[in-house]
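Below is one structure; the comments refer to it alone.
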Amino acid sequence: MGSYKKYEKRERNPDPKTSALLVIDVQNYFSSMAHPILPNLLQTIQLCRRASIPVIFTRHSHTDADGGMLAEWWNGDLIMDGTAEAELMPELEKLPEDMVVGKNTYSAFRNTRLEEQLREMGVEEVIVTGVMTNLCCETTAREAFVRGFRVFFSTDATATSDLELHEATLKNLAYGFAYFVDCKRLREGLFGNQ
């Protein structure tokens, strides 16, 4: 975990019996950001599958009519539904049984059934991975926390456009919202020395 230890306020491991892995917006649109973390992300997914933790992907996209504030904020540069950019990156090796949650804003909870689906599955903890650290990952993590889910945030399987933004998110989340994990800690927490 390296330099991120300096932000960490408390430590805990996820409980595989009550956890779900959220893979946020690892889509073709964000491939240049996602590629550097892809080995860690794939390892995180594999560790969770091995521990029988459900893997849930989110996919951010818009129709012509639903851009709203994001269209204003990003000068109309939106991920349009039905385009190649909106598709999950094929390297993710998504399984047919993996849930995909469509969303059109930073939070994976806003105007989706994610909370209800997690509750129906008995999930009490979420592990957040994906892109962008400071937008969709952070917003989803904060909202999960305020909805009563324990949050684990990956330091090595999240990415954004700028290291300072990544580190600012980690500093904020560690202060009041999330426990940190990385591939090494997740492996040790789920499997010990196996």
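Close amide H partners of Val181, meaning residues 5 or more places away or on another chain with modelled amide H under 5 Å apart, are Phe153, Ser154, Thr155.
For region 44-50, putting each phi into the Karplus relation 6.51 cos²θ - 1.76 cosθ + 1.60 with θ = phi - 60° gives couplings of 4, 4, 5, 4, 5, 4, 4 Hz, in residue order, rounded to whole numbers and with x for Gly and Pro.
Backbone amide hydrogens, once placed in the peptide plane, bring Thr158 within less than 5 Å of Gly130, excluding anything fewer than 5 places away on its chain.
Using the alpha-carbon positions of the chain, Rg (one decimal) and Dmax (whole number) come out as 15.6, 51 Å. Rounded to the nearest whole Hz, the Karplus-based 3J(HN,Hα) values (6.51 cos²θ - 1.76 cosθ + 1.60, θ = phi - 60°) of region 157-164 follow the sequence 10, 10, 8, 8, 7, 8, 4, 4, with x at glycine and proline. Evaluated with a Cβ-only charge set (Lys, Arg +1; Asp, Glu -1), region 107-181 carries a dipole of roughly 200 debye about its Cα centre, given to the nearest 20.
Rounded to two decimals, the Cα-based Rg/Rh of region 82-158, with Kirkwood Rh, is 0.95. The phi torsions of region 124-139, fed into the Karplus equation with coefficients 6.51, -1.76 and 1.60 and a -60° offset, translate into couplings of 10, 9, 10, 10, 9, 9, x, 9, 8, 3, 8, 10, 5, 5, 5, 5 Hz, rounded to whole numbers, with Gly and Pro shown as x.
Defining a contact as two alpha carbons under 8 Å apart and six or more residues distant in sequence, what relative contact order in percent does the chain show? The normalised contact order for the chain reaches 31 percent.
Bridgeable lysines around Lys6 (alpha carbons under 19 Å apart, same-chain partners fewer than 8 residues away excluded): Lys171, Lys184. Rounded, prolate or oblate: pick one for region 119-194, where a ≥ b ≥ c are the square roots of the eigenvalues of its C-alpha gyration tensor, a/c under 1.5 means rounded, and failing that, prolate if a/b is larger than b/c, else oblate. Oblate shape, in that a/c is at least 1.5 and b/c is the bigger or equal ratio. Loop sites only, by DSSP: take the GluC sites (Glu not before Pro) in the chain that have at most 16 other C-beta atoms within 10 Å and name the longest stretch containing none of them. Within the chain, the longest run free of exposed GluC sites (Glu not before Pro) spans 12-86.
Ser19 contributes an accessible area of around 0 Å² to the protein surface, as traced by a 1.4 Å probe with all chains present. In the complete set of protein chains, residue-level accessible area for Lys171 is approximately 120 Å², probe 1.4 angstrom.
Considering only beta bridges that DSSP places wholly inside the chain, some 5 percent are antiparallel. Gap in Å between the Cα centre of region 26-48 and the Cα centre of region 115-141? A separation of 16 Å, based on Cα centres. Can you send over the carbon and sulfur percentage of the accessible area for the chain, probe radius 1.4 Å, protein chains only? Carbon plus sulfur share of accessible area: 49 percent. Taking all protein chains as they are arranged and a probe of 1.4 Å, the heavy atoms of Leu135 leave approximately 30 Å² accessible to solvent. Put simply, the amide H of His62, placed in the peptide plane, has neighbours under 5 Å in Ile79, Met80, Asp81, leaving out anything fewer than 5 places away on its chain.
The values are calculated or read from the model by the stated rules, or taken from the named source; none is laboratory data. Treat the numbers as computed from the prediction; the structure is a model and nothing was measured. A quick note on method: Cβ atoms are made from the backbone with ideal geometry, for glycine too, and the neighbour counts reach across all protein chains shown. For the accessible areas, the whole protein counts, side chains as well, though only heavy atoms, and no ligand, DNA or RNA atoms are used. Shrake-Rupley method; radii C 1.70, N 1.55, O 1.52, S 1.80 Å.
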